[in-house]
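What follows draws every value from the coordinates through simple rules; no lab data is involved. Remember, predicted model here, so these are calculated numbers, not experimental data. Cβ atoms come from the backbone with ideal geometry, glycine included; neighbour counts cover every protein chain shown.
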Amino acid sequence: MRDAFGGIVNLSMIVVFLVLVCGYLAFNVNYTKAFRVKNYIITTIEQYEGNCDNASSACAQKIQQYIKQVGYSAPDFQLDDYDTCHYGYCIKRVDVASEGINEGNQRFYYQVVTQINIDIPIINKIMPGLKIFQISGNTKLITPFK
C-alpha cells in the first residue's frame, strides 16, 4: 500500500508542476503580445501626432490592423479617467503646462494602457480587477504643428 500511495503523490506533483510551467508560458506569451501592442500604439500615436481620437481615423485603423495581425485579444475594459477605450487598450491625453520659450504652443503626451488576457475562470473570479495584469506607457511630448 505504501508504494501505491507514493506513486499517486509523485504523479500529482508532476501534474502540478506541468500546470505551473504551462501557465507561466501562457502568461509570458500574452504579456509579450500586450507589450508589443502597447509599444506599437505609442509609436503610431507619435507618428500621427495624436490624431487617433475617433475610430474611423487612419491612425485607429492602423492600430486595429496591427492588433488583428499579432493576434492580441483582450476583453474590453474601461478605465474611468481615460478618453478612449476599445479593442483591449485605453488612451488618455495629458496636457502639459508650457513654460518659457514655447508659451504659445500647446504640448501634450498620451498614456496608453493595454491588458494581458488571462482567461482562467478561477483567477478571474478571485481577482477581477487586478491592476498587475495591465501594462502602461507614455508617448514623448507632442507639439502640434500649426
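Here are a few things to note about the model shown:
- Environment charge of N30, counting only residues whose C-beta is closer than 15 Å and scoring Lys/Arg +1, Asp/Glu -1: +2
- Computing FRET efficiency as 1/(1 + (r/R0)^6) for K140 and A55, where r is the C-beta to C-beta distance and R0 is 41 Å, gives about 0.95.
- Greater than 23 Å apart at Cα, pairs in K68/K125; K92/K140; K92/K125; K38/K140: K68/K125; K92/K125
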